[in-house]
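Here's the structure we're looking at; comments come further down.
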Amino acid sequence: MGRISGDWGGGIDVGTSALWHAARAEDGRGPRTALLTAVIDHFGLATVADVTAALHTGDLPAIRLSELCPAVFAAHDEGDEIATELVERLAAEIARMAVTVLCRLQLAVTPDPEVVLGGSVLAAGHKDLLDDVERRITEAVPGVRAVVCMDPPLLGAALAALDLHPQADSGAEDRLRAGFRENGRS
């Protein structure tokens, strides 16, 4: 449910934050950031104000903001302070959610618990992000093993539907997984 539920950290959230910082850099309210150029270049518009106007009018669907995630990570890798703050915030949010779930399920006190992290932002495999998430989780729950699920959520839903079909042949699961691999894991 996103921000209204207290959640932050998916691709759209990261992209929206990148746009917010780019807009503030463009009009002088915020510090300079490589995200300004990244937003303009990515959407091919003249200014960040043009990007926000296109979002407002619906000419640019809001879902496309998630496309800015790679630009945020690239700016972080180049030492951009604002992008680094976003990546660190993302790591903190992911770790906080994982630790909260481990504690609520009373798994934080079990020996060597495992937490599975998912989502396209994590599956992209940015080393600094993954290292920071793991560090934060293991500081809170020593011995925990963090694993990133590389399969898209849609595959899980399809496999669950397949389980409801008792007449599916034994190779159906393999064909389903292969279909996701062939089609770019979408």
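The values are calculated or read from the model by the stated rules, or taken from the named source; none is laboratory data. Predicted, not measured: the structure shown is a model, and the values here were computed from it. Every residue, glycine among them, receives a Cβ derived from its backbone with ideal geometry; neighbour counts consider all protein chains shown. Surface areas here come from the heavy atoms of the whole protein model, side chains and all, with no ligands, DNA or RNA. Shrake-Rupley method; radii C 1.70, N 1.55, O 1.52, S 1.80 Å.
Below, the figures for the structure above:
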quantity: Yes/no for Asp174 being of a type outside the set (A, V, I, L, M, F, W, C) and open to solvent by less than 70 Å² (accessible area, probe 1.4 Å); calculated: no
quantity: Residue within region 107-114 that is open to solvent by less than 30 Å² (accessible area, probe 1.4 Å) and at pLDDT 95 or above present; calculated: no
quantity: Condition check for Leu86: open to solvent by 30 Å² or more (accessible area, probe 1.4 Å), assigned to a helix (DSSP H, G or I) and touching a residue at least 12 places away in the same chain (Cβ under 8 Å); calculated: no
quantity: Residue that is least open to solvent (accessible area, probe 1.4 Å), among those in region 36-47 that are touching a Leu at 6+ places or on another chain (Cβ under 8 Å) and closer than 13 Å to Ile82 by Cβ; calculated: Val39
quantity: Any hit, region 101-110, residues being within 26 Å of Arg3 (Cβ to Cβ) and in a loop (DSSP other than H, G, I, E, B); calculated: yes
quantity: Matching helices (runs of 4 or more DSSP H) fully within region 24-82 where at least 2 residues are at pLDDT 95 or above and over 23 Å from Gly9 (Cα atoms); calculated: 48-57
